[in-house]
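Worksheet: one structure, shown below.
The values are calculated or read from the model by the stated rules, or taken from the named source; none is laboratory data. Small disclaimer: the values here were computed from a predicted structure and weren't measured. Virtual Cβ from ideal backbone geometry, glycine too; neighbours counted across all protein chains shown.
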Amino acid sequence: MSGRPRLRALELAEDPASWAALGFCVADGRCVVGTTELRLRGGGGGITGWELDDAGGPPPPDPTHPNRVVGVDHVVLQAADLEAVVAGLERNGLPCRGRRAAGDLRQAFHLLADALIEVVGPAQPPPDADASWSFWGLTLVCEDLDAAAALLGERLGHVKDAVQPGRRIATVRAQEAGVHVPLAFITPRVPGGR
């Protein structure tokens with residue numbers, strides 16, 4: 001066990017039927033990907049909460065999804081003051097494991113036992129910025145992105161190379177798919193990669 005908490009669940013204000021149409025096995029508004037339960041509560045608000053599990057208990061059973069999604073790669077948090085949010089996560093036992101500059105944005109990465117937290121914020125925070133943050137997006141690991149693209153058609157954008165060497169990514173087209181959270185599928189990590 002890594003000593004890091006596991007991403008036990010994500011609460012999403014999303015329509016379960018839309019996620020089922022995206023090739024997820026959904027029952028009673030719940031869907032398990034890897035070690036994380038997605039709780040689809042309906043509505044149009046994206047990610048509304050999460051549950052981290054320090055106990056490291058057994059994960060829920062993971063079904064085989066027709067879209068070939070096998071886990072959560074990372075959850076994206078949006079911050080007005082990236083450094084303040086990074087410091088808050090570190091105080092809660094989630095040290096920063098890497099940083100990246102992307103134009104006017106900065107990214108910081110924190111490891112969970114089974115996923116990453118990516119914090120995104122401006123290079124220069126506004127003077128009134130504080131340590132608050134909000135959920136922004138979700139990237140899921142897909143073991144066969146070409147099969148997912150064939151299954152989803154126009155609901156999945158163009159498959160392209162990801163920032164991480166050896167990986168490919170495609171963004172779910174929200175309007176066509178009927179989802180509200182920014183959602184992407186990415187191929188599994190490669191040995192020695194990020």
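Could you tell me whether segment 115-126 includes any residue that is out of contact with any Leu (no Cβ under 9 Å at 6 or more places or on another chain) and among the acidic types (Asp, Glu)? No, segment 115-126 contains no residue that is out of contact with any Leu (no Cβ under 9 Å at 6 or more places or on another chain) and among the acidic types (Asp, Glu).
Restricted to segment 162-186, and to residues there that are within 13 Å of the chain's Cα centre (by Cα) and either part of a loop (DSSP other than H, G, I, E, B) or aromatic (Phe, Trp, Tyr) (or both), the residue that is surrounded by the most Cβ atoms within 10 Å (Cβ to Cβ) is 185. Quick one: in segment 109-131, of everything that is touching a residue at least 60 places away in the same chain (Cβ under 8 Å) and assigned to a loop (DSSP other than H, G, I, E, B), which residue is surrounded by the most Cβ atoms within 10 Å (Cβ to Cβ)? Only one residue fits best here, namely 115.
Considering each residue of segment 132-152 in turn, at least one proves to be over 23 Å from residue 11 (Cβ atoms), in contact with a Ser or Thr (Cβ under 8 Å, 6 or more places away or on another chain) and part of a loop (DSSP other than H, G, I, E, B).
Contact annotation: residue pairs with Cβ atoms under 9 Å, 6 or more positions apart or on different chains, pairing a residue in segment 88-103 that is at pLDDT below 90 with a partner that is β-branched (Val, Ile, Thr) and part of a strand (DSSP E or B), are 102/120. Could you tell me which of the residues 100, 106 is part of a strand (DSSP E or B), within 18 Å of residue 134 (Cα to Cα) and of a type in the set (Lys, Arg)? Criteria check complete, one pass: 106.
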